[in-house]
Amino acid sequence: MNCKLCKNKITPFFALGQMPLVNSFLKVSQIKKEKKYDLTVAFCEKCFLTQLTKTVPPEDLFRDYVYFSSTSSSFLKHCEEVAARLTQKLHLTSKSLVLEIASNDGALLKNFKNRGIPVLGVDPARNIAKVANDNGIETIPEFFNYKFAKKIKGKGVQADVIYGANVLAHVPEIVDFVKGVKVVLASSGSAVFEFPYLKGLMENKFDTIYHEHVFYYSLLALRNLFAIAGLEIYDVEQTEMQGGSLLIFVAHPRVFPIHARVKNLILKEKQNGYHKIKTYKKIEKNVAKLKTKLTNLLGKIKKEGKMVGVYSAPAKGNILLNYFGIAKYISFIVDKSKAKQGLYTPGTHLLVHSLDKIIQEKPDYLLILCWNIATEVMKEQAEYKKRGGKFIIPIPEIKIV
């Protein structure tokens, strides 16, 4: 097994076994035919890139997708804030172009468009790209790569901002991808990427590991990645999205001064051992302890004759359900997304209901699998709480509210 960035040999450190594709919800007729794939994470001691040992073709993952960005109110608020900040920080005007890669249903781009800034989306999920186009956000239903970048550059596309939320982790051919970014990035433009930070794996946030996430990035690894494509990271910020993310700013070399935040975070990563395999080998033991605690808690609740419902079936939640093997303790699962309702969860085959099921069943506990937006969920379910219901937040540490 060789590194997808530098071709050096990689060292596996956490094996989750055979797992289903966590965004592939099933009809009854599909359950028996469901496929599972190895899910093992490894580390490269040469370029410091954390990555899956085996990948699933992107065509199988992203052409027909069930995640719509506009489902989460906290994400929509985040999109408004990002657009406002980038417009100011990068001095965007009606003559600028914002190109978003993996633009989903246009939740972010509509905020730039409302400011009179031209936009263009690229997303391989045809069903979601259609929704974006129907809503007036021009979106090309294709995978972004070097070949695609050359094609649109030939049609005059040069982006002042290239934006990607939660896309850098999804692309197996990552060197080809960042070379494509260089092709369409204007000479004084900025590429801005936001994605879950590797630090989360050290904090029990293991459920971000799934087949769509080929990579788990430290700033150390990212600096090496963009250098190969002839780009440099000139600024970095840490955000609360997805339970802890990095926001990086990338440009052609020597266009912008490199902010002290970049150097400081790299120094901190070295102090925390992000360049050493022994740091990563602690993750599996920590997750095993969390599994024991949650399993014991749910077992105790069931023995008491009380009911546990599950709130939301996100990708991360499906990993937790499968790896922890806790479906037997669960009475039902709900999700706000109509695209998931009436289908069965990957691997565990729980029927997904609408939120009305909470009112009908009146569970004693709601296990929140979208723990990163638990505050939003608890606010939304204030009436359930008022009636005596309790929430279980499983990650990073088990908490009953």
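The values are calculated or read from the model by the stated rules, or taken from the named source; none is laboratory data. The model shown is predicted, which means the values in this text are computed figures rather than measured ones. Every residue, glycine among them, receives a Cβ derived from its backbone with ideal geometry; neighbour counts consider all protein chains shown.
Considering only residues that are part of a helix (DSSP H, G or I) and touching a Pro at 6+ places or on another chain (Cβ under 6 Å), which ones fall in the stretch 197-229?
Within the stretch 197-229, E203, T208 qualify.
Of these, L220, L225, L231, which one is modelled with pLDDT of 95 or more and either out of contact with any Lys or Arg (no Cβ under 8 Å at 6 or more places or on another chain) or β-branched (V, I, T) (or both)?
After applying the criteria, what remains is L225.
Going by the structure shown, is V181 assigned to a helix (DSSP H, G or I) and touching a residue at least 12 places away in the same chain (Cβ under 8 Å)?
In short, yes.
Just checking, which of T40, T55 is not in a strand (DSSP E or B) and not assigned by TED's automatic domain parsing to the domain that holds A191?
Matching residue, one of T40, T55: T55.
Within the bounds of the stretch 384-392, is there any residue that is in contact (Cβ under 8 Å) with a residue 40 or more places away in the chain, under 25 Å from L290 (Cβ atoms), part of a loop (DSSP other than H, G, I, E, B) and in the same structural domain as V334 (by TED's automatic domain parsing)?
no
Select from the stretch 13-35 the residues that are loosely packed, with under 14 Cβ neighbours inside 10 Å and within 23 Å of the chain's Cα centre (by Cα) and list them in ascending order.
Of everything in the stretch 13-35, those that are loosely packed, with under 14 Cβ neighbours inside 10 Å and within 23 Å of the chain's Cα centre (by Cα) turn out to be A15, G17, Q18, K35.
Considering only helices (runs of 4 or more DSSP H) fully contained in the stretch 266-343, which possess at least 3 residues that are touching a Phe, Trp or Tyr at 6+ places or on another chain (Cβ under 6 Å) and within 30 Å of N224 (Cβ to Cβ)?
Working: elements: 277-280, 283-303, 315-324.
In the stretch 266-343, 283-303 are the helices (runs of 4 or more DSSP H) which contain 3 or more residues that are touching a Phe, Trp or Tyr at 6+ places or on another chain (Cβ under 6 Å) and within 30 Å of N224 (Cβ to Cβ).
Looking at the stretch 90-111, is at least one residue in contact with a Phe, Trp or Tyr (Cβ under 8 Å, 6 or more places away or on another chain), farther than 27 Å from H211 by Cβ, modelled with pLDDT of 95 or more and assigned to a loop (DSSP other than H, G, I, E, B)? Full working, then the answer.
Step one: of the stretch 90-111, the residues in contact with a Phe, Trp or Tyr (Cβ under 8 Å, 6 or more places away or on another chain) are 92, 98-102, 104-105, 107-108.
When the remaining residues are screened for being farther than 27 Å from H211 by Cβ, the result is 92, 98.
Checking which are modelled with pLDDT of 95 or more leaves us with 92, 98.
Now narrow it down to the ones that are assigned to a loop (DSSP other than H, G, I, E, B): 92.
For the stretch 90-111, residues in contact with a Phe, Trp or Tyr (Cβ under 8 Å, 6 or more places away or on another chain), farther than 27 Å from H211 by Cβ, modelled with pLDDT of 95 or more and assigned to a loop (DSSP other than H, G, I, E, B): present.
Kindly indicate the residue of the stretch 249-265 that is in a helix (DSSP H, G or I) and either of a type in the set (F, W, Y) or touching a residue at least 12 places away in the same chain (Cβ under 8 Å) (or both) and also surrounded by the fewest Cβ atoms within 10 Å (Cβ to Cβ) among those meeting that condition.
As a first pass, look at the stretch 249-265 and keep what is in a helix (DSSP H, G or I): 260-265.
Those still in the list that are either of a type in the set (F, W, Y) or touching a residue at least 12 places away in the same chain (Cβ under 8 Å) (or both) too: 261-262, 265.
Working: R261: 16, V262: 19, L265: 21.
Step by step, filter the stretch 249-265, then rank; the result is R261.
Which of (1) under 18 Å from S94 (Cβ atoms); (2) outside any loop (DSSP other than H, G, I, E, B) is the odd one out, the single condition I117 does not satisfy?
In the conditions (1) under 18 Å from S94 (Cβ atoms); (2) outside any loop (DSSP other than H, G, I, E, B), I117 misses (2) alone.
Given K293, K302, K289, which one is of a type in the set (D, E, K, R), assigned by TED's automatic domain parsing to the domain that holds N372 and touching a helix residue (DSSP H, G or I) at 6+ places or on another chain (Cβ under 6 Å)? Steps first, answer last, please.
On the way: K293 fails: touching a helix residue (DSSP H, G or I) at 6+ places or on another chain (Cβ under 6 Å); K289 fails: touching a helix residue (DSSP H, G or I) at 6+ places or on another chain (Cβ under 6 Å).
Within the list K293, K302, K289, the selection yields K302.
Tally time: how many residues in the stretch 84-126 are in contact (Cβ under 8 Å) with a residue 40 or more places away in the chain, in contact with a strand residue (DSSP E or B) (Cβ under 6 Å, 6 or more places away or on another chain), surrounded by fewer than 21 Cβ atoms within 10 Å (Cβ to Cβ) and closer than 29 Å to E59 by Cα?
Total satisfying the criteria: 1.
Do you know which residues across the stretch 136-147 are assigned to a helix (DSSP H, G or I) and within 23 Å of the chain's Cα centre (by Cα)?
Y146 - this is the single residue of the stretch 136-147 that is assigned to a helix (DSSP H, G or I) and within 23 Å of the chain's Cα centre (by Cα).
From (1) in contact with an Asp or Glu (Cβ under 7 Å, 6 or more places away or on another chain); (2) crowded, with 17+ Cβ neighbours inside 10 Å; (3) at pLDDT 95 or above, pick out the condition that doesn't hold for S245.
(3)
Taking K282 as the residue in question, decide whether it is surrounded by fewer than 15 Cβ atoms within 10 Å (Cβ to Cβ), under 30 Å from L320 (Cβ atoms) and among the charged types (D, E, K, R).
Against the criterion (surrounded by fewer than 15 Cβ atoms within 10 Å (Cβ to Cβ), under 30 Å from L320 (Cβ atoms) and among the charged types (D, E, K, R)), K282 qualifies.
K155 fails exactly one of the following numbered conditions: (1) surrounded by fewer than 23 Cβ atoms within 10 Å (Cβ to Cβ); (2) within 25 Å of L222 (Cβ to Cβ). What is the number of that condition?
Going through (1) surrounded by fewer than 23 Cβ atoms within 10 Å (Cβ to Cβ); (2) within 25 Å of L222 (Cβ to Cβ) one by one, K155 breaks only (2).
Determine which member of the set G325, G317, G342 is crowded, with 20+ Cβ neighbours inside 10 Å and either β-branched (V, I, T) or at pLDDT 95 or above (or both).
Every option except G317 fails the conditions.
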